[in-house]
Amino acid sequence: MIQSPCVAKCGVNEDDICMGCYRNIDEIVGWSKADNAFKAEVWKQIPARKAALGKGENSQKISRDKWQEVAARLESDTAEA
């Protein structure tokens, strides 16, 4: 099992990238259902994202509505595949 990169400093920038763990909102919401290959790929991308974004601002918390919206979209995408 691959651990989540979450550092409990959640807050997304204007591009929906968490400035705590540097995952996008789809990766955050889908993490618990993702396979290890997907998780490993996300971990590989984090250093480049962190370098590109630096210590940016957490412009907003991930709202419950936003979380549910993304979860529903990911579920729909999975059902269609």
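Starting from residues that are of a type in the set (A, V, I, L, M) and under 10 Å from the mean Cα position of the chain (by Cα), keep the ones in region 20-57 and report whichever is farthest from Thr78 (Cα to Cα).
This residue is Val42.
Val42 - would you say it is in contact (Cβ under 8 Å) with a residue 40 or more places away in the chain, aliphatic (A, V, I, L, M) and in a helix (DSSP H, G or I)?
no
How many residues are assigned to a loop (DSSP other than H, G, I, E, B), surrounded by 14 or more Cβ atoms within 10 Å (Cβ to Cβ), modelled with pLDDT of 90 or more and not aliphatic (A, V, I, L, M) if we restrict to region 1-39?
5
Any chance you could count how many residues in region 1-37 are of a type in the set (Gly, Ala, Ser), farther than 15 Å from Lys50 by Cβ and touching a residue at least 24 places away in the same chain (Cβ under 8 Å)?
Total satisfying the criteria: 2.
The values are calculated or read from the model by the stated rules, or taken from the named source; none is laboratory data. Remember, predicted model here, so these are calculated numbers, not experimental data. A quick note on method: Cβ atoms are made from the backbone with ideal geometry, for glycine too, and the neighbour counts reach across all protein chains shown.
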